[in-house]
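A quick write-up on the structure given underneath.
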Amino acid sequence: MTETSLKDKTAKGLFWGGVSNGVQQLLNLLFGIFLARLLSPSDYGMVGMLTVFSALASILQEGGFISALANRKEIRHRDYNAVFWFSLLMGIGLYTLLYIGAPFIARFYNQPELTALARLSFLSFLISSTNVAPRAFLFKQLRTKENAIISFCSLTFSGMVGVTLAANGFSYWGIAIQTITFTLGTSVLSYYFSGWRPSRHIDFTPIREMIGYSSKLIVTHAFQVINNNLFSILLGKFYNEKEVGYFNQANKWSTMGHTTINGMITGVAQPVLSTLSEDKERQRNALRKMLRFTAFVSFPAMFGLSFTSHELIVLAVTDKWLSSVSSMQILCIGGAFIPISGLFSNLTLSRGHSSIYMWNTIALSLSQLMAAYLLYPLGIRPMLYAFIGINILWMFIWLYWVQKEIRLSLRDFLKDISPYLLLSSVIIGGCSFVTDFIEPIVLRLLCKIGLVGSLYILILWQARSVILQEAVHFIFKKKGI
């Protein structure tokens with residue numbers, strides 16, 4: 001692949017990845033606002049207690065094969081077909097085990113109602129086991145435009161279902177059915193857009209060829225899931241469902257932010273970096289370009305989300321969720337660094353080092369788990385400070401492995417991210433003194449967003465930021481201006 005074609009394909013991937021994740025999070029926000037107004041923190045807490053089990057089961061049935069297929073130089077129908085049948089069988093087996101284990105989950109949380117809710121909720125990962133192969137096909141082909149359409153259609157329909165059920169008194173059942181509807185829609189549309197179909201001939205030889213790589217991803221992603229749901233588990237066990245609900249509301253806003261950015265980058269990072277794996281210099285240049293773009297977007301977006309958290313919570317989901325604000329502020333600051341760590345981990349995978357990826361993630365997860373467990377008697381905020389502090393420090397451990405692979409120095413790394421980190425911090429810090437006294441609250445929110453956004457763009461434009469100029473040029477080119 002030539003330099004120009006790779007650059008164009010990467011730009012298109014980033015554009016449609018941004019559209020896909022942006023639309024997805026915007027719809028999540030829109031429907032989430034309606035649901036948060038209709039439901040209580042306890043309703044969210046009930047579903048939140050089950051999230052870790054569904055997510056772990058999804059990781060096990062997906063098996064890391066999407067990434068494994070993306071890394072294969074030559075890929076055939078039999079590879080996708082083997083993944084389809086393996087994932088389906090794993091999904092059936094895991095759902096059976098969790099169906100039987102649902103009463104034990106309910107007993108762990110001392111919530112008898114969780115038994116029936118768990119058995120319904122777990123259907124979502126069983127359905128998703130059927131679409132691993134077509135999703136891998138779309139991912140390998142960098143078909144981010146189709147993924148954007150799939151996300152929009154599935155989220156729109158499932159969101160309407162969830163809001164309708166919540167409005168008619170289905171409480172947490174509505175959230176569970178909404179998730180199942182989304183998964184079903186995603187599966188159907190993935191088959192439609194990929195054009196891929198399984199065959200009846202079952203041959204697991206490709207699975208044996210990929211299992212060494214993918215098994216490490218399974219372990220890694222399992223620890224990530226436990227880590228991401230750590231607070232829901234601890235709060236559900238040692239506090240109550242209302243505290244879980246408040247945390248989940250805060251975490252939802254933070255996750256919407258960094259997931260949008262991370263998804264946009266991850267959707268192209270591993271395929272592109274894998275393409276350049278034989279040329280370390282080109283791979284390093286591509287990584288640094290992505291790193292600057294990530295910092296350019298992530299720091300103002302996530303710091304800005306933290307800055308406007310009070311206004312967003314009150315206006316969007318009413319002041320009954322005010323207890324979520326402090327957690328949201330902390331999580332958003334830490335979330336600004338997550339896409340950067342994600343970019344480094346993608347570089348590690350593109351070099352074929354799934355073992356490094358696995359052990360590094362396990363060490364991070366165990367460190368955060370231990371810190372949270374030791375600090376939980378002190379309250380939620382100390383746990384959160386430790387959680388994000390470890391997460392930020394671990395970014396430099398990821399950098400150590402990147403240095404060993406492609407010789408990206410600490411100096412170059414700081415040179416790439418520091419302008420955007422410092423500029424975002426200074427602008428938001430200054431604007432807080434100007435906007436905190438503005439009333440009413442709607443005007444204060446608009447002033448915060450407008451002032452921070454305009455100053456950030458204006459200063460970068462005056463400084464002739466290459467990333468900003470390239471982003472503007474690409475957007476205008478897409479619009480035909």
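Based on alpha-carbon centroids, what's the gap between region 442-472 and region 100-152 in Å, whole number please?
Using only Cα atoms, the two centres lie 38 Å from each other.
Need one value: the accessible area of Asp412 in square angstrom, 1.4 angstrom probe, rounded to the nearest 10.
40 Å²
Which whole-Hz couplings ³J(HN,Hα) result when phi for each residue of region 176-181 is put into the Karplus expression 6.51 cos²θ - 1.76 cosθ + 1.60, θ = phi - 60°, listed in order with x for Gly and Pro?
Karplus values, whole Hz, x for Gly and Pro: 5, 5, 4, 5, 5, 4.
Hey, got the dipole for region 372-452? About the Cα centre, +1 on K and R Cβ, -1 on D and E Cβ, debye to the nearest 20?
160 debye
Once you have a ≥ b ≥ c as the square roots of the Cα gyration tensor eigenvalues for region 347-481, tell me rounded if a/c is under 1.5, and otherwise prolate or oblate according to whether a/b is larger than b/c.
Oblate shape, in that a/c is at least 1.5 and b/c is the bigger or equal ratio.
Run the simple label-point estimate for Val434 and Arg407 please: 7 Å along Cα→C-beta, distance reported in nm.
Rounded to a tenth, the inter-label distance reads 4.5 nm.
Work from the charge dipole of region 111-221 (Cβ charges, +1 for Lys and Arg, -1 for Asp and Glu, about the Cα centre) and give the residue of Thr179, Ile127, Val161 farthest towards its positive end.
Ile127
Over region 284-433, with the other protein chains present, what is the accessible area per residue in square angstrom, probe 1.4 angstrom?
Per residue, region 284-433 has 39 Å² of solvent-accessible surface.
Given R₀ = 41 Å, FRET efficiency for Ile457-Leu378 by Cβ-Cβ distance, to 0.05?
0.50
The values are calculated or read from the model by the stated rules, or taken from the named source; none is laboratory data. Computed from a predicted structure; not experimentally measured. Every residue, glycine among them, receives a Cβ derived from its backbone with ideal geometry; neighbour counts consider all protein chains shown. Note: areas computed on protein heavy atoms with side chains; ligands, DNA, RNA excluded. Shrake-Rupley method; radii C 1.70, N 1.55, O 1.52, S 1.80 Å.
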